[in-house]
Amino acid sequence: MNGVLAALIATLVTTCASADLPRLNDAPVEAVAAHARDRISHGELAALGEDLAKELAPLAKEGSAERLASIATRPQVALALAQHAFLAIGGAGLDAMRTEEGGPDFTRWLIADRETMEEFLTTGAPPTNPSKAIAILHAIWMADRAIESGHLRRLAVATALEHSVPIRPWSEWDDSAASTIDPVARYRFYRDLHAKGTLFPGFEALATWELRRVVDLPLYDEDIAWFHTSLPGKLADGTPLGSQRAIGNAAFLIPYRDTSPTNGKSVQLGKSFYDDKRLTPAIMLEYGGVCGAVSKFGSFAARAFGVPAQPLGQEGHCAFCWRHEDNDWRTGNCGSEDDWEVSNLHGLWGTWTARGTAIPLMASLHATPAFLQSRRAWQLSRFVESDPRRRLARELELAELCPNNVETFRSIGEWMLAWDEARPDDLRRFARGVLRGMPTAPQMALDILTRVEGGKAFAAMTTKDRARYIEELVEGFVEGAGKAPAFPGGERGLGLAFRETLGRGIWLTIGKVSSLGDWPYLAHLAILDGTHRAFQDWLTSSKPADRERVADFLAKVASETRQPRLAEQALPRLVELCERDERLRGRTQTAADRIAAAYAKSGQPNDVLRVYRSMILAGERLAHRPWIGGFTERALAARGLAGKADPSASSSNSETKKPRTK
């Protein structure tokens, strides 16, 4: 009798699950999960997607952005949104699980676990091979069912995401036949180290995006274990290494050498520097190296003890970063602690970004609930079939519910790129929205815009349209930076980001569109400085009217940007254009006067004097006597004002800090 009753209950549950998805306004979360499980068990992925869209669409029509965000936080709605988004990238992988050992049970867990599905989309770049990531997660689940909750779940998801593209250890970088790291073994390795208490405290609290920066350590497990048995406990000067805050200093155990201590060969020759031995941590410590070995060793040591870390590329240099303490990342082997803006992630997150600034940005985003809330609200808004221009305005509004919401802004940008009917004014609206919405990450905003500029809307722009769009870049930057409570890297970081924005503006003004590779900040700064080869070629062949357009852009920036410290960035390029074309001198003089006036208005007479002195030097290079005489008179007047000023108003430290030199 009990068996018959059990069968009847199972039939009723299946029948309920097979029915239409219950209304999301009042459905229990388990009902949403049960419906998805049933659809998937019958191979009805497409039908499940239709069910979810049908129920989500009416909710997407309700009210303001804040109202939409509120609806999207409901547990049943959040689960339905996660399921729909996950199916879009992982449907094939889920379908493949139907025939795998344990696959149906694994899938029933996965499709009901909102956090896991969301983490496939919001913890850095989504996997380039989602099916492989799902297969790895399934293999880990088969080895340890404990991954269904807690820190082991996050560890498993991070491992699946990072190893969906096989990782060959750095020690075998020149051996294409070397075996890659086994992801299941890597999961077990860190799980067991944590259980033994070998890792530093706090490992179990790491977020999935941070764990990705641990389990991607490109060493075989036995080489990681070397750190636990052989790493010295302190530096030669007594600095201890046995904590999360101090472990980054392990980088400086590496002797800095550019010639081998055994054979005299250059470090530039690769493995021969190390007598062709495997580049294990022990060999690195024995032989030494230059910045690459120093920074890699530091990041390896941190990750060996469960501390997220990452090497960073810089111009002619390799640095690194590690999670110094809760939600606080530090750079190491750099000129200063604010070198994020000039760092590159070595392709860490593929097309998602090349910027080192992604690290502190992710730390900031994942520390606020508004990040996922705005993301879900944006997903929900996409179920409304409405005018695309109203849709764009709404989506920008939703993205701005969480400042610096790079995940959502990138997604809007991809839609913009595919929108065949997008007009120049739509692109201008997007440009202003993304720069205003990412106030402390304008360089990453610039990358998002650079990609969208490859679409039809930008190609359709007239010269006038393009000029207005370029103005939006500058205006959006200034507006966003003005509302940022504190800019990473302080004044130096702000100035560097603005210089890059001006460089991009010049590039667009001369008619170029293309991206500038993995080091865009270097190219953009070179364009602003006039040293970029393509810009030099253009300058040589350009007509006076073309040069005048660039001068007009820079003069407008210098004259109209309210923050004189930013406006001043345009002056050197303007002066250099004057050296080629006398007709541009009036614009430059006017711009300098307006910047000086802005400094005077804000009570900074020493900066007024500095601007005029720089213009006198420019006049001497130009051999332009009226220019020299006029600015000399202004400088004399400014000197009188500066002498009367309170010394505390001096801008003796107004120059930005110089970046690290080799």
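The values are calculated or read from the model by the stated rules, or taken from the named source; none is laboratory data. None of the values given here were measured: they were computed from a predicted structure. Cβ: placed from backbone, ideal geometry, glycine included. Neighbour counts: every protein chain shown.
Annotations
- Within the range 76-135, the set of residues being among the hydroxyl-bearing types (Ser, Thr, Tyr) and closer than 16 Å to His35 by Cα comprises just one member, Thr107.
- Among the residues of the range 413-430, the ones that are under 18 Å from His84 (Cβ atoms) and either buried (at least 24 other Cβ atoms within 10 Å of the Cβ) or of a type in the set (Lys, Arg) (or both) come to 0 in all.
Residue-by-condition table, conditions (1) part of a helix (DSSP H, G or I); (2) more than 21 Å from Arg499 (Cα to Cα); (3) within 14 Å of the chain's Cα centre (by Cα):
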{"position": "Leu372", "(1), (2), (3)": "yes, yes, no"}
{"position": "Trp378", "(1), (2), (3)": "yes, yes, no"}
{"position": "Trp415", "(1), (2), (3)": "yes, yes, no"}
{"position": "Arg432", "(1), (2), (3)": "yes, no, no"}
{"position": "Arg436", "(1), (2), (3)": "yes, no, no"}
{"position": "Gln443", "(1), (2), (3)": "yes, no, yes"}
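Yes/no per residue for (1) without any contact (Cβ under 8 Å) to a residue 40 or more places away in the chain; (2) surrounded by fewer than 18 Cβ atoms within 10 Å (Cβ to Cβ):
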{"site": "Arg98", "(1), (2)": "no, yes"}
{"site": "Arg114", "(1), (2)": "yes, no"}
{"site": "Thr122", "(1), (2)": "no, no"}
{"site": "Ile134", "(1), (2)": "no, no"}
{"site": "Arg145", "(1), (2)": "yes, yes"}
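- Only a single criterion out of (1) at pLDDT below 90; (2) over 12 Å from Gln569 (Cβ atoms) is not satisfied by Tyr469, namely (1).
- Test: residue in the range 596-609 that is of a type in the set (Lys, Arg), surrounded by fewer than 20 Cβ atoms within 10 Å (Cβ to Cβ) and touching a residue at least 24 places away in the same chain (Cβ under 8 Å): no
- Residue tally, condition part of a helix (DSSP H, G or I) and over 29 Å from Arg423 (Cα atoms), over the range 351-370: 9
- Residue check for Phe86: in a helix (DSSP H, G or I) and within 21 Å of Leu21 (Cα to Cα): yes
- Any hit, the range 376-386, residues being closer than 27 Å to Ser171 by Cα, touching an Asp or Glu at 6+ places or on another chain (Cβ under 9 Å) and either aromatic (Phe, Trp, Tyr) or not assigned by TED's automatic domain parsing to the domain that holds Leu87 (or both): no
- Annotation note: of Trp141, Trp173, the sole residue that is modelled with pLDDT under 95 and out of contact with any Leu (no Cβ under 7 Å at 6 or more places or on another chain) is Trp173.
- Options Leu528, Leu571, Leu577: the member that is buried (at least 23 other Cβ atoms within 10 Å of the Cβ), closer than 29 Å to Trp627 by Cα and not basic (Lys, Arg): Leu528
- Screening the range 496-522 for residues that are of a type in the set (Gly, Ala, Ser) and buried (at least 21 other Cβ atoms within 10 Å of the Cβ) and picking the one that is nearest to the chain's Cα centre (by Cα) gives Ala497.
- Scanning the range 56-74 for residues that are in contact (Cβ under 8 Å) with a residue 12 or more places away in the chain and not charged (D, E, K, R) yields Leu56, Ala57, Leu59, Ala60, Ala65, Leu68, Ala69, Ile71, Ala72, Thr73.
- Among (1) loosely packed, with under 14 Cβ neighbours inside 10 Å; (2) in contact with a Lys or Arg (Cβ under 6 Å, 6 or more places away or on another chain); (3) polar (S, T, N, Q) - the single one Thr208 does not satisfy: (1)
- Matching entry among Gly356, Gly433, Gly437 (being in the same structural domain as Asp465 (by TED's automatic domain parsing), farther than 25 Å from Ala88 by Cα and in contact with a Cys (Cβ under 9 Å, 6 or more places away or on another chain)): Gly437
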